[in-house]
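Working notes, beginning with the structure itself.
The values are calculated or read from the model by the stated rules, or taken from the named source; none is laboratory data. Only a predicted model underlies this, so the values are computations on that prediction, with no experimental measurement involved. For neighbour counting, all protein chains shown are included, and Cβ atoms are generated from backbone atoms with ideal geometry for every residue, glycine included.
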Amino acid sequence: MRSSLALGVTGFSLIAVTYGLARFSWGLMMPAVSEEIPFSVHLAGILTACSYLSYCMSTAAAPGLVARFGASASACLAALCAAGGLLLLACAVSPLMLAAGLFIAGLSAGVASPAVASAVGDTLPPAQQDPANTAINAGTSAGIMLSVPVLMLLPGGWRAACVLFALLALICLLPARRYLPKDRRVTEKDRLSWRDLVRQRSLLRLGIVAFISGSASAAWWSFGPEILRNYLHLDGRDSSLLWLISGGAGIAGALTGLARRWLSMAQIYRLSQVAMALPLLLLASLNGFSWWLFPAVALGGAGYVTLSGVLLVYGAAATPASAASGVGVAFFMLAAGQVAGSALFGAFYAGLGAGAALLGFAALALAMAAVLPGAHKA
């Protein structure tokens with residue numbers, strides 16, 4: 001029998017590496033990278049969209065990979081993509097190489113979530129699956145928290161940090177190989193095709209909500225450090241501290257299972273959307289440093305990680321015969337929204353200014369608070 005603790009730690013570590021280090025560390029390192037490899041704000045949006053685009057593509061392919069090769073092999077592939085992309089970033093000398101590195105690194109997260117969700121569904125009893133999934137999903141915050149001191153203190157700057165992050169990704173290969181299931185437990189007839197998935201009304205609603213929510217989240221996670229440094233004129237130290245607080249607060253997503261003792265999943269979902277909108281509204285209203293930034297970005301970080309965990313739960317519940325399929329749809333649409341949101345926010349930021357762009361994207365999150373992604377038992 002596989003240890004549930006070993007499964008949880010393995011999944012948490014893999015999510016920390018693929019999301020926190022391979023994806024979201026880019027937002028923090030982007031200002032430093034642009035000093036060595038110059039690019040415009042508009043190009044910054046395109047570069048960030050490369051990561052989201054590859055994440056979107058790999059999320060679409062992940063359920064099939066998990067069904068054919070098993071959770072363990074898929075998780076190993078995710079770790080290898082994270083390591084490969086980060087190493088390419090470390091060697092980059094042009095925006096094209098940056099785009100390639102971000103694209104490869106972005107593939108890792110799209111494979112990791114369905115693989116881990118499948119492992120949880122195959123290994124743990126139903127009563128433990130929702131708490132396990134939301135706790136593992138909070139690994140994103142652990143990765144972000146680790147990235148901040150490494151990028152600030154490691155000799156060699158962002159290039160050395162990318163090499164270290166790649167080594168951590170490679171270390172994940174061993175537990176993924178050992179503790180995640182190597183074979184799927186569902187039969188061929190139980191697997192859901194994409195045609196079956198798009199016919200499910202619950203998944204259609206979930207997909208729309210995830211897409212718009214992903215678009216709204218891109219404002220902070222793609223451009224947060226850029227806005228702090230070039231719009232609010234904060235120094236690098238304050239920007240990094242706020243990014244650390246935002247990422248660290250996402251650990252609250254691990255407490256979603258505990259929160260369900262007092263709140264329904266629908267209430268947690270609505271609170272997470274409001275929490276994502278508040279820091280955007282505050283950023284739009286400021287023209288410099290404010291102590292209110294600290295609680296605001298903490299709310300935003302907790303809101304996003306909690307939201308992604310809630311969407312994961314809704315997705316798994318929508319396709320109980322194949323958890324990876326429902327999770328794949330939810331995260332595919334979340335990623336597709338982030339692709340669109342990154343490109344659009346970059347364009348609005350350049351054309352209309354940061355304030356107007358932030359207000360518009362905050363409105364998206366607030367609008368989604370009124371629309372539930374599907375049916376799920378409280």
Condition check for SER240: under 24 Å from MET333 (Cβ atoms) and part of a helix (DSSP H, G or I): no
Subset of segment 110-128 (residues that are of a type in the set (A, V, I, L, M), within 13 Å of LEU77 (Cβ to Cβ) and modelled with pLDDT under 90): none
Residue ranges of helices (runs of 4 or more DSSP H) in segment 1-99 with at least 3 members closer than 25 Å to GLY236 by Cα and more than 15 Å from the chain's Cα centre (by Cα): 25-36, 41-91
Among residues of segment 60-87, those that are β-branched (Val, Ile, Thr) and in contact with a Cys (Cβ under 8 Å, 6 or more places away or on another chain), counted: 0
